[in-house]
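Working notes, structure below.
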Amino acid sequence: MSVFVIIPAAGIGTRMSHPTHVGVPAAVSKQFLLLRGLPILVHSLRAFLDVPTVTAIYVSVRDTEQPRVSAMLAEHGLAAKVHVVIGGDNRQESVANALAELPSTSDEDIVLVHDAVRPLIDSATIARTIAAIEKHGAAIVATPAIDTIKQVERTADGALITATIPRELIVHAQTPQGATVSLLRRAFAEAAADEFVGTDESSLLERANIPVFVVQGNSRNFKVTQPGDLEVAEFYLAG
């Protein structure tokens, strides 16, 4: 069994690339921001490379960023197991492009998809996700809902609450998300045939009627989306 990892990193990150955010250059890609002296992407890659069962990682990037990322991998000694592919116009296309490149030869092969800007994912969570996919076929990392969740109806004047959703029925999705290679390819193929664009890999698996198991995540595995998130990540890494 091989375990592949796909990291879509073709996004720009508009919430970070705002000239009013002090210390953050305009139009910067979040995955290239420095976190304790290293690009966020390097932290994410190293987290998966630290898991012995990971066979190879495929990073989807914009074509204009390919030379930069290839040079970065070489600089940090990551090129042996990390491959660069050209991403698409959105996350789903970027993952699909990498999915097509995987040298999978067995129905038991596994693929994980992870956000480039979740640099604090830990080896234990990755290993538990792989184990869950081995057992169930598909799995995602998620955390329980803590706040009360309200369902609303949008109106011209704002939102009106229509229901309260029991917290036990809700989880907050994180990454990695994954499945066997064959199942994820099937889900992507069905979505492409129907021109359906989902919000994450789980949404495509669900749509294909593939059960997705939930692996307990934690608050450290957050997505860096705003400048203040860098300070929080720095705090966790300092500990």
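Bear in mind these aren't lab numbers, they're just calculated from the coordinates by the rules spelled out. Keep in mind it's a predicted model, so treat the numbers as computed, not measured. Neighbour counts are summed over all protein chains in view; Cβ atoms, including those assigned to glycine, are modelled from backbone coordinates with ideal geometry.
A compact table of results
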| item | result |
| --- | --- |
| Modelled FRET efficiency - R0 22 Å, Ala79 with Arg36, Cβ distances, 0.05 increments | 0.50 |
| Percentage relative contact order, the chain, counting C-alpha pairs under 8 Å, at least six apart | 23 percent |
| Low-density loop cleavage sites - trypsin sites (Lys or Arg not before Pro) in the stretch 22-116, where at most 13 other Cβ are within 10 Å (DSSP) | Arg36 |
| Cβ-placed point charges (K, R +1; D, E -1), dipole of the stretch 3-238 about Cα centre in debye, nearest 20 | 460 debye |
| Share of pairwise Cα separations in the stretch 125-238, more than 23 Å, in percent | 47 percent |
| ³J(HN,Hα), Karplus 6.51/-1.76/1.60, whole Hz, each residue of the stretch 104-118, x for Gly, Pro | 6, 10, 9, 5, 8, 4, 10, 10, 10, 10, 9, 5, 4, 9, 10 |
| Approximate spin-label separation Arg220-Ala156, in nm, with each point projected 7 Å along Cα-to-Cβ | 5.1 nm |
| Length added when fully stretched, Ala193-Thr105, from 0.36 nm per residue minus Cα-Cα | 29.3 nm |
| Candidates per GluC sites (Glu not before Pro) in the stretch 163-208, loop by DSSP, up to 10 other Cβ within 10 Å | Glu195 |
| Per-residue ³J(HN,Hα) for the stretch 149-158, Karplus 6.51 cos²θ - 1.76 cosθ + 1.60, θ = phi - 60°, Hz, x for Gly and Pro | 9, 10, 8, 10, 10, 7, 10, 5, 9, x |
| The chain - mean residue ellipticity at 222 nm from DSSP helices (-39,500 (n - 2.57) per run, n ≥ 4, rounded to 500) | -10000 deg cm²/dmol |
